[in-house]
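A.B. asks: Take a look at this one; I'll ask things after.
The values are calculated or read from the model by the stated rules, or taken from the named source; none is laboratory data. None of these values were measured; they are calculated from a predicted model. Note that each Cβ is placed from the backbone with ideal geometry, even for glycine, and that neighbours are counted across all protein chains shown.
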Amino acid sequence: MLAITSREELAEEITRKVLKSYSSFNEAVKRLLANIQASVMIKTEYGIDFEVKFKKSSESWKDALDLPQKLAEERRKRVVVVFDEFQELSKFEGLLKVLRSKLQLHDKVSYVFVGSKRHLMEWIFRSKESPFYNFGAHMVLKEIPKEDFKAYIMKAFEMGEIEIKEDVVDYILSLTKCHPYYTQRLCFELWYLGKTKGKVEKDDVDEVFEDLVSDLENSFILLWETLTPNQRKVLIMIAAGEKDLFSGETIRKYNLRSPSSVQSALKKLIEKEIVSKNDTYKISDVFLEYWIRERFIEGKLY
């Protein structure tokens, strides 16, 4: 949902996905589109595809939200719809309310709502003020076990005929902390480097990782400038690997006033989703964590 910029675009994407489940523009498709006031263009250059446009002055986009249910009824099969980065839809006024009113009537469709911004997702599904309050079961996805991730990466590079040793994959996962997004981002760049060289070595990992951090530096600087001095100090504490953020020794070391000042900074950082907490406090973005180490602690990859 990151690319969606309006309610109409959401309806257009749903319509396009439903239409793409058909191999041709047949009578069943025409029945689905009955009462849908939108322009539909068929593109066949690279296989059948559809371009759908709803007029912003029309309310017909709401009817498109019922298409998954109509598809299930047409085919007499249950349909599954996955919304990725679902929290992004909360920025459109009134959209969640309309979605809830539609989706709760779809008895032949299962919906999966996936999001990376935990704070927003919890508000959407756990706040009594949200239209989606208690809409379905909640599940927090845990990290992929290291050995499973390692085996997957080894196999992927092997299938690409790229040599990579186990200790190099271990090193990759130590840097990304087994986070799917950052692991995928790093391995994607290493893949293309490996296709040129025929292999990936530890030095390649360092080089590519540092290049990725360098590419993101401007956005990190902009983020840093929005933080208070205490929030910055707490991030440096976490990046430095301090075990007890609330101890008198740690507080004095980073020139903070009291445990309450640390707690207040952490609360804001968690709200901004810069820091997360499970058993310990962690910086959510591994590239940001390394940038802080490199810039403020003179650290190295470790």
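The rows are residues; the columns are (1) farther than 25 Å from E122 by Cβ; (2) at pLDDT below 95; (3) surrounded by 16 or more Cβ atoms within 10 Å (Cβ to Cβ).
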| position | (1), (2), (3) |
| --- | --- |
| L222 | yes, no, no |
| N230 | no, no, yes |
| V234 | no, no, yes |
| G241 | yes, yes, no |
| K253 | yes, yes, no |
| D279 | no, yes, no |
| R293 | yes, yes, yes |
| L301 | yes, yes, no |
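A.B. asks: Which members of the stretch 247-295 meet the condition of being within 17 Å of W224 (Cβ to Cβ) and in a strand (DSSP E or B)?
C.D. replies: If the condition is that a residue be within 17 Å of W224 (Cβ to Cβ) and in a strand (DSSP E or B), then V275, I283 are the ones that fit.
A.B. asks: Restricting attention to the stretch 182-198, which residues are exposed (fewer than 14 other Cβ atoms within 10 Å of the Cβ) and either closer than 16 Å to A156 by Cβ or not assigned by TED's automatic domain parsing to the domain that holds K155 (or both)?
C.D. replies: Result: Q184, F188, Y192, K195, G198.
A.B. asks: Give the residue, chosen from I251, I221, that is among the aliphatic types (A, V, I, L, M), out of contact with any Gly (no Cβ under 8 Å at 6 or more places or on another chain), without any contact (Cβ under 8 Å) to a residue 60 or more places away in the chain and within 18 Å of E294 (Cα to Cα). Before the answer, list the steps.
C.D. replies: Working: I251 fails: within 18 Å of E294 (Cα to Cα).
Going through I251, I221 in turn, the sole match is I221.
A.B. asks: For the condition more than 24 Å from the chain's Cα centre (by Cα) and touching a residue at least 24 places away in the same chain (Cβ under 8 Å), what is the one hit in V200, V205?
C.D. replies: Working: V205 fails: more than 24 Å from the chain's Cα centre (by Cα).
Exactly one of V200, V205 is more than 24 Å from the chain's Cα centre (by Cα) and touching a residue at least 24 places away in the same chain (Cβ under 8 Å), namely V200.
A.B. asks: Consider I283 carefully, then state whether it is outside the structural domain of H179 (by TED's automatic domain parsing), in contact with a Leu (Cβ under 9 Å, 6 or more places away or on another chain), under 26 Å from H119 (Cβ atoms) and at pLDDT 95 or above. It would help to see each step written out before you state the result.
C.D. replies: Values: outside the structural domain of H179 (by TED's automatic domain parsing): yes; in contact with a Leu (Cβ under 9 Å, 6 or more places away or on another chain): yes; under 26 Å from H119 (Cβ atoms): yes; at pLDDT 95 or above: yes.
Yes; evaluated as a whole, the condition is true for this residue.
A.B. asks: Also, I was wondering about something else. Taking only the stretch 91-122 into account, find how many residues are more than 15 Å from the chain's Cα centre (by Cα) and more than 23 Å from K267 (Cα to Cα).
C.D. replies: Going through the stretch 91-122 one residue at a time, the tally reaches 20.
A.B. asks: Return only the number of the condition from (1) over 22 Å from the mean Cα position of the chain (by Cα); (2) among the polar types (S, T, N, Q); (3) assigned to a helix (DSSP H, G or I); (4) farther than 30 Å from W123 by Cβ that S214 does not satisfy.
C.D. replies: The single condition S214 does not satisfy is (1).
A.B. asks: Please specify each residue of the stretch 79-101 satisfying the condition of being part of a helix (DSSP H, G or I), in contact (Cβ under 8 Å) with a residue 12 or more places away in the chain and not polar (S, T, N, Q).
C.D. replies: Once the filter is applied, which keeps residues that are part of a helix (DSSP H, G or I), in contact (Cβ under 8 Å) with a residue 12 or more places away in the chain and not polar (S, T, N, Q), the stretch 79-101 yields F86, E88, L89, L95, L96, K97, V98, L99, R100.
A.B. asks: Which is over 21 Å from the mean Cα position of the chain (by Cα), part of a loop (DSSP other than H, G, I, E, B) and exposed (fewer than 13 other Cβ atoms within 10 Å of the Cβ), of E147, E161? So that I can check it myself, show each step before the final result.
C.D. replies: Details: E147 fails: part of a loop (DSSP other than H, G, I, E, B).
Going through E147, E161 in turn, the sole match is E161.
A.B. asks: Examine the stretch 123-142 for a residue that is over 26 Å from I14 (Cβ atoms) and within 23 Å of the chain's Cα centre (by Cα), and state whether such a residue exists.
C.D. replies: Yes, because at least one residue in the stretch 123-142 is over 26 Å from I14 (Cβ atoms) and within 23 Å of the chain's Cα centre (by Cα).
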